[in-house]
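The values are calculated or read from the model by the stated rules, or taken from the named source; none is laboratory data. Just so we're clear, the structure is a prediction, and the values are computed from it rather than from any experiment. Ideal geometry is used to build each Cβ from the backbone, glycine not excepted, and the neighbour counts take in all protein chains shown. Note: accessible area is taken over every heavy atom of the protein model, side chains too, but ligands, DNA and RNA are not part of it. Shrake-Rupley method; radii C 1.70, N 1.55, O 1.52, S 1.80 Å.
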Amino acid sequence: MPVAMDTIAIILFVHSVESRYSIAGALTAVAALTTVITAPLWSKVADLRGQAFVLKIAIPLRIAAIISFVLLVKNGAPIWTWFLAIFIAECGSVSIGSMTRRRWVNLIDRENKDLLSTSYAFESLLDEFVYIIGPIITTGIVAATEPVAGLLLGIGFLVIGVPLIATHRSSDPAIEKPEFGEKLKSVTRNRKLQAIGIPLTIAGGCFSSVNISVVAFTTEKSMASSAGLVLGAWAAGGAVSAIINGAIRWRISHGARYLGYLIGMTLIAFTFPFISNIYLLAVALFLQGMCVGPLLPNGLPLVTNSVSPSQMTHAITLVTAGIPLTGALSSFLAGRIIDSHGASAGLWLPFGFLLLACISTIPYAKEYRERS
């Protein structure tokens, strides 16, 4: 839950004390960029030392740093200390989603590809639910109580959820060390990981630019309060498609479906700048969401079937680790474009990033043709 709550919680809390949105935005940017580095490192440690080992170290560090951040902001400490506290908090950021997906691989025979695909689709469904409900809960509790409540609620979810994961021994993957004399190459050199991770990283620019452009679009139409519903339609499309994708026993390979959904996202994004009606935009986003939901579940099997179990958590994390980078870039670009040319111009950015993502798949054509 905190992954869908902390960004908006930080913005609401900081803005209540420091009226400049630029400070809150800079803090969330530091948080996102730090996570890009730390999450893959913790996942690598999880492969070497076990998930429980990582959770027992990283999460207490994160909780302590967030509490320190709250106290520093509340007591008017120098702003540079806020950034330091957020940096330390994100040094304790682990990819819970990657850990749970790794556990599914441990619970299910890797040869049972249909059931593994269903488990990945189930995780994507939960992701969509989290991203729908997280911001709603955060803004609701802040409005009803105090600005700091969103961050404290996120800590509460960690305190409840992490021990449940750490103590769930039946799903915890054993530490699988390489066989004696076996030399494993760096997982970043795995071409299937590159074939899935690079396009996803570039496509990450679509997500942030859609968020800010939709807010600007609804504001221009004097319907700013409907932005959440329009974005909710986007997530709802992903949830519906995740259910469908997980229920069907496909004859089409994972690689072909991955490419198909990526191309579908791109074609639908091309319509965004030409839409002038909020309801039509919600429909278009719902349809694109139906391509977003199954994208990762169809890409992951290619990666998990091509790496050693001793590198799997690290590999799963790397698939999506770069998304915050292009997300930060697209947010900056979208803001500049919208300020100068309006919301409809900003809606060209999702298409641009997705077109680049499609082009980036060309060098890996052979990787997608191979059946996973």
Compare 210, 45 by solvent-accessible area with a 1.4 Å probe and give them largest first, with all protein chains kept in place. 45, 210
Most fluctuating residue of 190, 211, 277 in a GNM of the chain with Cα springs under 10 Å: which is it? 277
Most fluctuating residue given options 350, 294, 163, as computed from a GNM of the chain linking Cα atoms under 10 Å: 163
Straight-line reach from residue 113: which lysines have a Cα under 22 Å away, not including same-chain ones fewer than 8 places off? 192, 366
Full extension from residue 80 to residue 144: what is 0.36 nm times the residue separation minus their Cα-Cα distance, to one decimal in nm? 20.1 nm
Solvent-accessible area per residue for the stretch 116-201 at a 1.4 Å probe radius, Å²? 55
For the stretch 272-372, the Cα-Cα pair-distance distribution in 5 Å bins from 0, as whole percents, is 2, 10, 14, 20, 19, 13, 10, 7, 4, 1, 0
Report, to one decimal in Å, the Kirkwood hydrodynamic radius for the stretch 1-154 based on all distinct Cα pairs. 16.7
Computed from every Cα-Cα pair in the chain, P(r) in 10 Å bins starting at 0 and rounded to whole percents is 5, 23, 33, 26, 11, 1, 0
Once the other residues with Cβ under 15 Å from the Cβ of residue 16 are scored (Lys, Arg +1; Asp, Glu -1), what is the net sum? 0
Ignoring ligands, DNA and RNA, what percent of the accessible area of the chain is carbon or sulfur (1.4 Å)? 68
Scanning the chain for trypsin sites (Lys or Arg not before Pro) in DSSP loops with at most 15 other Cβ atoms within 10 Å, what's the longest stretch left with none? 252-370
For the chain, modelled as a Gaussian network with Cα springs under 10 Å, which listed residue fluctuates most, 125, 72, 287? 72
Alpha-carbon Rg with Dmax, taken over the stretch 81-227, Å: 20.0, 66
In whole Hz, with x marking every Gly and Pro, tabulate ³J(HN,Hα) for the stretch 338-350 from phi via Karplus 6.51 cos²θ - 1.76 cosθ + 1.60, θ = phi - 60°. 5, 4, 8, 10, x, 5, 4, 5, x, 6, 6, 4, x
Please compute, for the alpha-carbon atoms of the stretch 23-77, the extent along each of the three principal axes and give them in descending order in Å. 41, 20, 10
How large is the accessible surface per residue of the stretch 245-313, computed with a 1.4 Å probe and reported in Å² as a whole number? 39
If you wrap a convex hull around the C-alpha atoms of the stretch 138-211 and split its volume per residue, what is the figure in Å³? 178
Over all directions, the average projected area of the alpha-carbon convex hull for the stretch 267-315 comes to how many nm²? 4.5
Going by Cα centres, the stretch 312-340 and the stretch 48-74 are how many Å apart? 24
Kindly report the accessible area of the stretch 37-91 per residue (heavy atoms of protein chains, probe 1.4 Å, no ligands, DNA or RNA), in Å². 48
Between Rg and the Kirkwood Rh of the stretch 90-169, both from Cα atoms, what is the Rg to Rh ratio? 1.07
